[in-house]
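Notes follow once the structure below has been shown.
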Amino acid sequence: MKRKATLAIQDLCACDGCEVAMADMGHVLLDLLDDKVDLVYAPLFMSARDYGEVDILMLTGVARTEEDIADLRQVRQRARYIVAFGSCATFGGIPGLANLHEQATLLETAYQNAPSLRTGEKTIPDELLSALTGEILPINAYVDVDFSLPGCPPPPRLLADFLERVLKQVTLKEK
Ligand code: SF4
């Protein structure tokens, strides 16, 4: 009997909108989970803290820190297929706009100049942050990507069609 494909959804520096689009698939997602997919990790949907080896890993967002890049390289070894899920992962997307500014300006804006409920001195917690990447790049700049689905977020119907096609491909390659 054919087993279900194991699927993990992991975000890097992302807004979670891509996962919300997946939730918007509604009954189509439930049908997939019933028949074809075993969801093993997806922080927006379930409380699993980690995952082992998976057939398909859908990555959203971009690598914003050196820690993100190390994570990416580590999960690449555990996933048979990696999907760049959404425009951020595929192209750099909205976070890629950071490439238009100096890093110091970005940090000052985020930690010192942006409106905040905090009172008192606003400092940049550089000792708490992993080193930021020099620029925002698509995830295929760091690891091999097997499939890409741009869109911000990808519309649920397109996502459903894409997942069906990926699952067919995965099954074909298993035989
Ligand atoms: S592609 Fe759009 S919806 Fe998806 S993580 Fe990036 S900003 Fe959010």
Worksheet item: Of the trypsin sites (Lys or Arg not before Pro) in segment 13-113, which ones lie in a loop per DSSP and count no more than 14 other C-beta atoms within 10 Å?
Response: R49, R78
Worksheet item: Expressed in nm to one decimal, what extension gain is obtained for the pair E135 and T105 from 0.36 nm per residue of sequence separation less their Cα-Cα distance?
Response: 9.4 nm
Item to complete: Could you do me a favour and compute the accessible area per residue for the chain, 1.4 Å probe, result in Å²?
Response: 59 Å²
Worksheet entry | Percent accessible area from carbon and sulfur atoms, segment 18-60, protein chains only, probe 1.4 Å | 49 percent
Worksheet item: Mind checking the dipole of the chain: about its Cα centre, +1 per Lys or Arg Cβ, -1 per Asp or Glu Cβ, Debye to the nearest 20?
Response: 660 debye
Practice prompt. May I ask you to give the percent of accessible area on segment 88-148 that is carbon plus sulfur, with a probe radius of 1.4 Å?
Written response: 54 percent
Discussion item. Using only alpha-carbon positions, what ratio does the radius of gyration of the chain give when scaled by 2.2 N^0.38 Å?
Written reply: 1.14
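Classify segment 1-62 as rounded, prolate or oblate from the Cα gyration tensor: take a ≥ b ≥ c as the square roots of its eigenvalues, call it rounded if a/c is under 1.5, otherwise prolate when a/b beats b/c and oblate if not. The partial results should precede the final answer.
Numbers: a/c = 2.10, a/b = 1.29, b/c = 1.63.
Cα axes put segment 1-62 in the oblate bin.
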Worksheet item: How far is helix 156-174 tilted, in degrees, relative to the longest principal axis of the Cα atoms in the chain, given as a value from 0 to 90 rounded to the nearest 10?
Response: 60 degrees
Worksheet, complete the sentence: With every protein chain in place, the accessible area of V145 for a 1.4 Å probe, in Å² rounded to the nearest 10, comes to 40 Å²
Worksheet item: Based on Cβ point charges of +1 for Lys and Arg and -1 for Asp and Glu, what charge dipole magnitude is obtained for segment 49-128 about its Cα centre, in debye rounded to the nearest 20?
Response: 300 debye
Item to complete: Find the Rg to Rh ratio for segment 76-175, where Rh is the Kirkwood radius over alpha-carbon pairs and Rg uses the same atoms.
Response: 1.13
Discussion item. With just the Cα atoms defining each centre, how far is segment 1-55 from segment 155-169? Give it in Å.
Written reply: 13 Å
Item to complete: May I ask for the angle, rounded to the nearest 10°, between helix 66-76 and the longest principal axis of the chain, with both axes built from Cα atoms and the value confined to 0 to 90°?
Response: 10 degrees
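Below 14 angstrom from the Cβ of S116, what's the summed charge of the other residues (Lys, Arg +1; Asp, Glu -1)?
It works out to a net charge of 0.
The values are calculated or read from the model by the stated rules, or taken from the named source; none is laboratory data. Given the structure is predicted, the values throughout are model-derived calculations rather than measurements. Quick reminder, even Gly has a Cβ in these numbers, built from the backbone with ideal geometry, and neighbours come from all protein chains shown. Side chains included, ligands, DNA and RNA excluded: accessible areas come from the protein's heavy atoms. Shrake-Rupley method; radii C 1.70, N 1.55, O 1.52, S 1.80 Å.
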